[in-house]
Amino acid sequence: VQLQASGGGLVQAGGSLRLSCTASGQTFSNDAVAWFRQAPGKERQFVAAHRQSLRRTYYADSVKGRFTIYRDNAKNTVTLQMNSLIPEDTAVYFCAARAVWNVDFGNPVHYTDWGQGTLVTVSS
């Protein structure tokens, strides 16, 4: 499946952004969809994941309570709603998908399909 991420931009600390990941090319049936982020000079970091079969969500501790991931199968999209943004959230955000859920869902190596990334910049 091909993924297209969008919605990044520049926002002040305390503000909100909504990132979208749209799937195309085939029926979006992947059980696992996640968002990762990568700041300059740092490794790619897990942000949030959605498990379609159990309708469950998972978050990194650093974003818990501020970010929400949800999926709309009718629109083939996965959205990351980001509230109360802080400068430390500044990074390129990537969506990723995998056909079958993996218990090590926070590890980017397990995802087979990736979007191109969208830049989020949070100013202080």
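At-a-glance table
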| item | result |
| --- | --- |
| Segment 60-101 pair-distance distribution - Cα-Cα, 10 Å bins, rounded % | 21, 51, 26, 3 |
| GNM flexibility winner over the chain from Ala48, Ala23, Ala39 (Cα, springs under 10 Å) | Ala39 |
| Sulfur and carbon atoms: percent of accessible area, the chain [1.4 Å] | 49 percent |
| The chain, dipole about Cα centre (Lys/Arg Cβ +1, Asp/Glu Cβ -1), debye to the nearest 20 | 240 debye |
| Probe 1.4 Å, protein heavy atoms only - accessible area per residue of the chain in square angstrom | 51 Å² |
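The values are calculated or read from the model by the stated rules, or taken from the named source; none is laboratory data. Nothing here was measured: the structure is a model prediction, and the numbers come from that model. All Cβ positions, even for glycine, are placed from backbone atoms using ideal geometry, and neighbour counts span all protein chains on display. Please note that ligands, DNA and RNA were not included when accessible areas were found on the heavy atoms of the full protein model with its side chains. Shrake-Rupley method; radii C 1.70, N 1.55, O 1.52, S 1.80 Å.
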